[in-house]
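Some notes on the structure that comes next.
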Amino acid sequence: MTAPHVPKVAGIEPALPAPAHTVDPRVAKTAADPAADTPSDGLSGTPADASRGTARDSASAAPDVSAVDQLAAVQDRLAGWISDLSTLHDLTEQLARTRTLGDALHELLRAGASLVGARRGLVVLAPSDGLGPETTVGLGLGHAEIGHIETIPRRALSYARILDGLPERDPGDDARTDPLDDTRHGTCGEGRAPGPRDDAPAGPCTEIAEPDIPGEKDLDPRLREVAARLGYAASYAVPLSAEPIGRTGAAVWLYDEPAEPTERQRHLVGLYRAHAAEHLARLLELHRSRQALRTLHTELLPQRLPRIPGVRLAVRHSTGPRGGGDWYDALPLPDGALGLAVGSVTGSGPSAVAAMGRLRASLRAYAVMEGEDPVAVLSDLELLLRLTEPARSATALFAFTEPPPGTVMPGGIADPFPRKLVLAGAGHCPPLILGALRTEFVETSLSAPLGMLACWEAPSVEIEPAGGETLLLYSDGLLHRTGEPMDRAFTRLHAAAAGVPPAGRHDPEAVVDHIVRTMLPQGLDDPSSEEDVVLLAAYFEG
């Protein structure tokens, strides 16, 4: 009888021991039928050597029992492998569901803690290419506790030695007396680079285990002090590395009592770590590209809002993870006038951000030349868009605000008329005016977005905002992020504006903060939404 063949599955090597012996078929046959094929003396029909047959029966019984035991051992080992594979499958599946770098780091810590039998830990993200980001995420550790750990000298921290690419131990350390001792800085396990025991130069450590921090006298006293303060007695650290970045960071798990992961636990966490490092590298590249887009988008928008007599401005803006084309502008115009604009370019990514920058710059030029006529400004912008970017469309709204009453005009004459605001829109959401006596949408003429028709033109709208009223300009991303149909989203925006506390209605910053909190409870920078958000408020003083 031979042991069944067990295939190699998912990187787990089935190191089955070879059977100690095999059963001779003739022995098995004799055990089943002692009289079969047995020589007789021809007289009584009894075996010629009964004692020899008895011995053969006894010998054949032992191999059968051993074979059963081997089969049971194989089945137990298969059950263990299946359990490990199921655990790895569940953990890697949960990791694959993460979409942000922060979520992936937290999931890595949680899964690793369950594999090595720890309760707390931290992961340090420090890409070796120096392009960042650098951060530390804890599991069961607060910011103050992480701060305590970071006060330990860097040479004494296991994860810091991994990040710095230091050897398993410092061969020149005078405190090391036994060249075979592995307890000072831990041991490097699977994949360990050659160390002092191999009579070769020490290489970077691939894992560092410190199984008994209070009892190891050669460790840095500061490490033992902080470990005692935080209540951990052992640690196990591993690097995180994946191409093309190389080493991206290190993870370390903390034990409440002196302990060390078993070989099986090291093997499982090694398999999981290989998958997690690849996933983290992909999310790191994605995070960097999104950050670059956000930076580019922000740099193309106004760095600060202008100060105009009689008007106070506030804005809230958020760029989606893919980099969208929503924009805003507040432009001081000659004679104390003010131009306000919001818009959106179709598409996402770097091309949409670049198109947004070109469109905003062009609108600023047209506004300086003919800002008192918003229809002319948008008509010129539509012609430019159709000629230079025929495959792209955009929505826009431009408002021209006259100087406040009493402003001295050219010639030394004060303007006695109330403030007047003229605006025109091209497929954009209608503005909302908020005051003590009214909260209503400004009815703009229904018009197509820029670039959709051969010739765009729509009449302008003129309103007279009273002192103490606020004009709100916004992008449709504010409505889309609510996840509701557009009619309900408009109703929700109206209710949010009407619900601004009376004490905050004279502060545009308070107005936009209240509307954002009411409309977007999940926050302005929601990573789950790909919509840009723009909310621009202009408060007119009395």
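Any chance you could check the Cα centroid distance between the stretch 300-341 and the stretch 437-508 for me, in angstrom? Between the Cα centres of the stretch 300-341 and the stretch 437-508 lies a distance of 16 Å. Can you compute log10 of I(q)/I(0) for the stretch 65-127 with the Debye formula, treating each Cα as one identical point scatterer, at q = 0.22 Å⁻¹? Results for the stretch 65-127 at q = 0.22 Å⁻¹ read -0.92.
A 1.4 Å probe run over the stretch 299-402, with the rest of the protein chains in place, finds 39 Å² accessible per residue.
Compute the accessible area per residue over the stretch 91-140, keeping the other protein chains in place, probe 1.4 Å, unit Å². Walk me through the numbers on the way to the answer.
Details: 2120 Å² over 50 residues.
In whole numbers, the stretch 91-140 has 42 Å² accessible per residue.
Could you please tell me the mean projected area of the C-alpha convex hull for the stretch 308-383, averaged over all directions and given in square nanometres to one decimal? Don't jump to the answer; show the numbers that get you there.
Numbers: hull surface 21.9 nm².
The directionally averaged projection comes out at 5.5 nm².
Highest-first packing order for the peptide set 350-359, 66-75 is 350-359, 66-75, based on the mean count of other beta carbon atoms within 10 Å.
Remark: the stretch 140-146, residue by residue, has Karplus-estimated 3J(HN,Hα) of x, 10, x, 4, 5, 5, 4 Hz, where x stands for each Gly or Pro and the curve is 6.51 cos²θ - 1.76 cosθ + 1.60 at θ = phi - 60°.
Report in % the part of the accessible area of the stretch 351-410 that belongs to carbon and sulfur, leaving out ligands and nucleic acids; probe 1.4 Å.
On the way: 1510 of 2440 Å².
In the stretch 351-410, the share of accessible area belonging to carbon and sulfur is 62 percent.
Each peptide among 396-403, 217-224 gets the average number of other Cβ atoms lying within 10 Å of its residues, and from highest to lowest they stand as 396-403, 217-224. Amide H to amide H, with H built 1.01 Å from N, L333 comes under 5 Å of L338, G339, counting only residues 5 or more places away or on other chains. How far is the Cα center of the stretch 215-251 from the Cα center of the stretch 64-143, in Å? Distance between centres, Cα-based: 18 Å.
Round to a whole number: what % of the accessible area of the stretch 477-519 belongs to carbon and sulfur, probe 1.4 Å? Please list the in-between numbers first.
Working: 1170 of 2020 Å².
Its accessible area is 58 percent carbon and sulfur atoms.
Sequentially through the stretch 224-238, phi angles give Karplus couplings (6.51, -1.76, 1.60; θ = phi - 60°) of 5, 5, 5, 4, 5, 5, 8, x, 10, 10, 7, 8, 9, 10, 9 Hz, Gly and Pro residues having no value and appearing as x.
The peptide list 287-294, 230-237, 481-488, 249-256, put in order of mean Cβ contacts within 10 Å with the highest first, becomes 249-256, 230-237, 287-294, 481-488.
The values are calculated or read from the model by the stated rules, or taken from the named source; none is laboratory data. Being a predicted model, the structure only gives us computed values, none of them experimental. In this analysis, Cβ positions are derived from the backbone assuming ideal geometry, glycine residues included, and neighbour counts consider all displayed protein chains. Areas reflect the complete protein model, heavy atoms only, side chains present, ligands, DNA and RNA absent. Shrake-Rupley method; radii C 1.70, N 1.55, O 1.52, S 1.80 Å.
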